[in-house]
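Enquirer: Provided herewith is a single structure, encoded as structure tokens, for subsequent inquiry.
The values are calculated or read from the model by the stated rules, or taken from the named source; none is laboratory data. Worth saying up front: this structure is predicted, and the values here are computed from it rather than measured. Glycine gets a Cβ as well: all are built from the backbone with ideal geometry, and neighbour counts include every protein chain shown.
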Number of protein chains: 2
Amino acid sequence: MSDSRPIGVFDSGLGGLTVAREIFRLMPGEKIIYLGDTARCPYGGRSEETIKTFGIQDARLLTDYDVKLLVVACNTVSAVALDLIAASCKDVPVIGVVIPGSRAAARRTAVRKVGVIGTAATIRAGAYTRAIQGFDAAIKVYGKACPLFVPLVEEGLLDHEITRHAVQYYLAEVLDSGVDCIILGCTHYPLLMQTIQEMVGTRTQLLDSALWTAREVFEILKSLNGLAAGKTGGFSESRFLVTDYTPHFKDLASLFLGAEIPSIEQISLEKLTKPCSTVPAAA
Amino acid sequence: MSDSRPIGVFDSGLGGLTVAREIFRLMPGEKIIYLGDTARCPYGGRSEETIKTFGIQDARLLTDYDVKLLVVACNTVSAVALDLIAASCKDVPVIGVVIPGSRAAARRTAVRKVGVIGTAATIRAGAYTRAIQGFDAAIKVYGKACPLFVPLVEEGLLDHEITRHAVQYYLAEVLDSGVDCIILGCTHYPLLMQTIQEMVGTRTQLLDSALWTAREVFEILKSLNGLAAGKTGGFSESRFLVTDYTPHFKDLASLFLGAEIPSIEQISLEKLTKPCSTVPAAA
């Protein structure tokens, strides 16, 4: 049995394309409908209430496209609103990026000390701590918000002196705590992996939540007999939707995706925010 | 004659509070209704179409409060959508932050070379260049987008090694062009003034568009016989509206305003984005 429907993937902006990239690598036959809410990104500094509202709107739009699985490829939304989204999309399995990375970290830490870096909202929500300690309550988790990393990536300063100073600034304290694993808890951060790895040294493992999420997508679809029949061609049939299209966007998108996006479709914010009686209020 | 109605001031987020601060300093009797669209900030990386839509919505909300003057305290909106907003708010004088700073620079440059730093959208729109050359067509204008400055200010790294590296990174080329004035074309940047001044040296003047805008507000109200009758107490009667309220907000707000905000009122995005037949479409 197989399922030819697309996988829905959304993020506040571009970052979730790192998750899409890993899905295409692992399952080249799968097609994706991607939504980036680029008119309102980034979500990472906003209140929980606003993140819930925006996350529900994003999820609702993608479920209108008859997706077979919904991936919340935004750490901030995954950390704050995953249960709410799952409850409001009962007909579609919903997975976030927090659990897969947390499971990998819980299995890999030898010293039972794990670092998590992400946006202010992700760290404040504490979802990684709860998820990791759900796998092993004895693990200590050290979270650190790194608000400069997203703008540094979006400036293309992946391996620049400013970025190395910022990595030092944010990670010194996490390293002092003796962790042996650090979860990159934001979909922008894989682009900084090399620079971060140089600073933390080879004895500290960096875990890319995008990679582990793609593996979880594979396992779930396999268990549901829901993988696509074809083994190639998913990328060229995929669609990429944004709520705002800027001159800077296309170059950055290919940096995140590792390939040129064939076409980008702009949808109106009104379409995203239209009232819908089938979805519970986000409060 | 006098006018006791409030002045409306809006920005995508917090930055416009630097304009409010200068208005209170110059005209302590004036009260302000401030709007920060903190659920959708920053605007600086968005497309012109989206900036126009958001700017119109912000302006419309403030005119509903019967303001006597509307200050577009957002450089990005001023650079992209000021004419559109003025056309849609015919009953209220509308001023932006681009013209006042440009006039000051045109008067002050001895070498007729002016630098302008701002967001990507502000620089791309070229409004400062047009405004400065409108005052003196022989002046050469060197614009530079500095997307890291806003997040650096919001991280509170006003005088930090990372910030000094970023200032060096963005301003080296502008200084090489031989300018003797640089306009701080973003309402966040006055908070970096000291760090930028140290880097550029005392022979380069930094012009704070917030300060020059407040002076223009005074001149306009005076010419219209529209100043408030009282000479004190405006601040305590002012109102501060936001579309999203985060834990980080209040501390940052006092940093920008130079005083503690008495109360912050959250308004819903729905209130901001509601359709309105009296306002032309922003396309």
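Enquirer: Filter segment B:34-51 for residues that are hydrophobic (A, V, I, L, M, F, W, C) and in contact with a Phe, Trp or Tyr (Cβ under 7 Å, 6 or more places away or on another chain); which is nearest to B:D244 (Cα to Cα)? I'd like the intermediate steps shown before the answer.
Expert: Looking only at segment B:34-51, we keep the residues that are hydrophobic (A, V, I, L, M, F, W, C), and these are B:35, B:39, B:41, B:51.
Then keep just the ones that are in contact with a Phe, Trp or Tyr (Cβ under 7 Å, 6 or more places away or on another chain); that gives B:35, B:51.
On the way: B:L35: 11, B:I51: 18 Å.
Among those residues, the one meeting the criterion is B:L35.
Enquirer: Right, another one. Quick test for you: out of B:G29, B:G16, B:G101, B:G36, pick the one residue that is at pLDDT 95 or above, touching a Gly at 6+ places or on another chain (Cβ under 8 Å) and within 14 Å of chain A (Cβ to nearest Cβ).
Expert: B:G36
Enquirer: Any residue in segment B:200-214 that is more than 24 Å from B:H165 (Cβ to Cβ) and part of a strand (DSSP E or B) sitting within a Cβ distance under 8 Å of a residue that is at pLDDT below 95 and among the hydrophobic types (A, V, I, L, M, F, W, C)? List the pairs, counting only those 6 or more apart or interchain.
Expert: Filtered contacts from segment B:200-214: no entries.
Enquirer: Looking at (1) away from chain A (no Cβ under 14 Å); (2) at pLDDT below 95, which is the one condition that is false for B:K140?
Expert: All conditions are met except number (2).
Residues checked against (1) closer than 30 Å to A:Q168 by Cβ; (2) surrounded by fewer than 23 Cβ atoms within 10 Å (Cβ to Cβ); (3) more than 10 Å from chain A (Cβ to nearest Cβ):
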site: B:K113; (1), (2), (3): no, yes, yes
site: B:G118; (1), (2), (3): yes, no, yes
site: B:A121; (1), (2), (3): no, no, no
site: B:Y128; (1), (2), (3): no, no, yes
site: B:I132; (1), (2), (3): no, no, yes
site: B:K144; (1), (2), (3): yes, yes, yes
site: B:F149; (1), (2), (3): yes, no, no
site: B:L157; (1), (2), (3): yes, yes, no
site: B:R164; (1), (2), (3): yes, yes, no
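Enquirer: When only residues in segment B:244-275 that are of a type in the set (G, A, S) and outside any loop (DSSP other than H, G, I, E, B) count, which is farthest from the chain's Cα centre (by Cα)? Spell out how you get there, then give the answer.
Expert: We begin by selecting, within segment B:244-275, every residue of a type in the set (G, A, S); these are B:253-254, B:258-259, B:263, B:268.
With the extra rule that they be outside any loop (DSSP other than H, G, I, E, B), the set shrinks to B:253-254.
Working: B:A253: 14, B:S254: 16 Å.
My answer is B:S254.
Enquirer: Report whether or not B:T76 is under 15 Å from the mean Cα position of the chain (by Cα) and either surrounded by 22 or more Cβ atoms within 10 Å (Cβ to Cβ) or not small (G, A, S) (or both).
Expert: Answer is yes for this residue.
Enquirer: Listed residues A:L241, A:L221, A:L227; which is part of a loop (DSSP other than H, G, I, E, B), in the same structural domain as A:S78 (by TED's automatic domain parsing) and not β-branched (V, I, T)? Give the derivation first.
Expert: Values: A:L241 fails: part of a loop (DSSP other than H, G, I, E, B); A:L221 fails: part of a loop (DSSP other than H, G, I, E, B).
Unique residue meeting the criteria: A:L227.
Enquirer: Tell me whether segment A:183-193 contains one or more residues that are over 30 Å from A:P247 (Cα atoms), more than 14 Å from chain B (Cβ to nearest Cβ) and in contact (Cβ under 8 Å) with a residue 12 or more places away in the chain.
Expert: Yes, there is a match, as at least one residue in segment A:183-193 is over 30 Å from A:P247 (Cα atoms), more than 14 Å from chain B (Cβ to nearest Cβ) and in contact (Cβ under 8 Å) with a residue 12 or more places away in the chain.
Enquirer: Additional query: Might you let me know whether segment B:86-95 holds any residue that is outside the structural domain of B:K144 (by TED's automatic domain parsing), touching a Gly at 6+ places or on another chain (Cβ under 7 Å) and outside any loop (DSSP other than H, G, I, E, B)?
Expert: Within segment B:86-95 (the criterion being outside the structural domain of B:K144 (by TED's automatic domain parsing), touching a Gly at 6+ places or on another chain (Cβ under 7 Å) and outside any loop (DSSP other than H, G, I, E, B)), the answer is no, since none of the residues qualifies.
Enquirer: Name the single residue that is surrounded by the most Cβ atoms within 10 Å (Cβ to Cβ) among those in segment B:42-71 being among the acidic types (D, E) and away from every other protein chain (no Cβ under 14 Å). Before you say what the answer is, go through the steps one by one.
Expert: Of the residues in segment B:42-71, the ones among the acidic types (D, E) are B:48-49, B:58, B:64, B:66.
Add one more test, that the residue is away from every other protein chain (no Cβ under 14 Å), and what stays is B:58, B:64, B:66.
Details: B:D58: 27, B:D64: 12, B:D66: 12.
Taking the candidates together, the pick is B:D58.
Enquirer: Let me ask another. Could you please give the count of residues in segment A:166-178 that are away from chain B (no Cβ under 14 Å) and in contact with a helix residue (DSSP H, G or I) (Cβ under 9 Å, 6 or more places away or on another chain)?
Expert: Residues that pass the stated criteria total 2.
Enquirer: Would you mind stating whether B:E173 is of a type in the set (D, E) and either at pLDDT below 95 or more than 27 Å from B:L70 (Cα to Cα) (or both)?
Expert: When the stated conditions are applied, B:E173 passes them.
Enquirer: So in segment A:21-35, with the set limited to residues that are of a type in the set (A, V, I, L, M) and assigned to a strand (DSSP E or B), which one is farthest from A:L221 (Cα to Cα)? Quick ask: steps written out before the conclusion?
Expert: We begin by selecting, within segment A:21-35, every residue of a type in the set (A, V, I, L, M); these are A:23, A:26-27, A:32-33, A:35.
Then keep just the ones that are assigned to a strand (DSSP E or B); that gives A:32-33, A:35.
Values: A:I32: 14, A:I33: 16, A:L35: 20 Å.
Here the answer is A:L35.
Listed here are the residues, each with its yes/no results for (1) in the same structural domain as B:D91 (by TED's automatic domain parsing); (2) out of contact with any Pro (no Cβ under 9 Å at 6 or more places or on another chain); (3) crowded, with 24+ Cβ neighbours inside 10 Å; (4) polar (S, T, N, Q).
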position	(1), (2), (3), (4)
B:S2	no, yes, no, yes
B:L17	yes, yes, yes, no
B:M27	yes, yes, no, no
B:D37	yes, yes, yes, no
B:R40	yes, yes, yes, no
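Enquirer: Next up: For the subset of segment A:4-15 comprising residues that are part of a loop (DSSP other than H, G, I, E, B) and touching a Ser or Thr at 6+ places or on another chain (Cβ under 9 Å), which member is surrounded by the fewest Cβ atoms within 10 Å (Cβ to Cβ)? Let's see the steps before the verdict.
Expert: Within segment A:4-15, the first condition is being part of a loop (DSSP other than H, G, I, E, B), and the residues that meet it are A:4-6, A:12-15.
Keeping just the survivors that are touching a Ser or Thr at 6+ places or on another chain (Cβ under 9 Å) gives A:6, A:12-15.
On the way: A:P6: 22, A:S12: 29, A:G13: 28, A:L14: 25, A:G15: 29.
Out of the qualifying residues, it is A:P6.
Enquirer: Can you tell me which residues in segment A:170-210 are under 18 Å from the mean Cα position of the chain (by Cα), hydrophobic (A, V, I, L, M, F, W, C) and either over 20 Å from A:R107 (Cβ atoms) or buried (at least 20 other Cβ atoms within 10 Å of the Cβ) (or both)?
Expert: If the condition is that a residue be under 18 Å from the mean Cα position of the chain (by Cα), hydrophobic (A, V, I, L, M, F, W, C) and either over 20 Å from A:R107 (Cβ atoms) or buried (at least 20 other Cβ atoms within 10 Å of the Cβ) (or both), then A:I182, A:I183, A:L184, A:C186, A:L191, A:L192, A:L207, A:A210 are the ones that fit.
Enquirer: Could you tell me whether B:R103 is charged (D, E, K, R) and in contact (Cβ under 8 Å) with a residue 12 or more places away in the chain?
Expert: When the stated conditions are applied, B:R103 passes them.
Enquirer: Out of B:T38, B:T53, B:T18, report the one residue that is in a loop (DSSP other than H, G, I, E, B) and of a type in the set (S, T, N, Q).
Expert: The unique qualifying residue is B:T38.
Enquirer: Out of (1) surrounded by fewer than 19 Cβ atoms within 10 Å (Cβ to Cβ); (2) within 14 Å of chain B (Cβ to nearest Cβ), the odd one out for A:D244 is which?
Expert: Failing condition for A:D244: (1).
Enquirer: Given the conditions (1) charged (D, E, K, R); (2) in contact with a strand residue (DSSP E or B) (Cβ under 7 Å, 6 or more places away or on another chain); (3) under 25 Å from B:T119 (Cβ atoms), which single one is not true for A:D208?
Expert: Every listed condition holds for A:D208 apart from (3).
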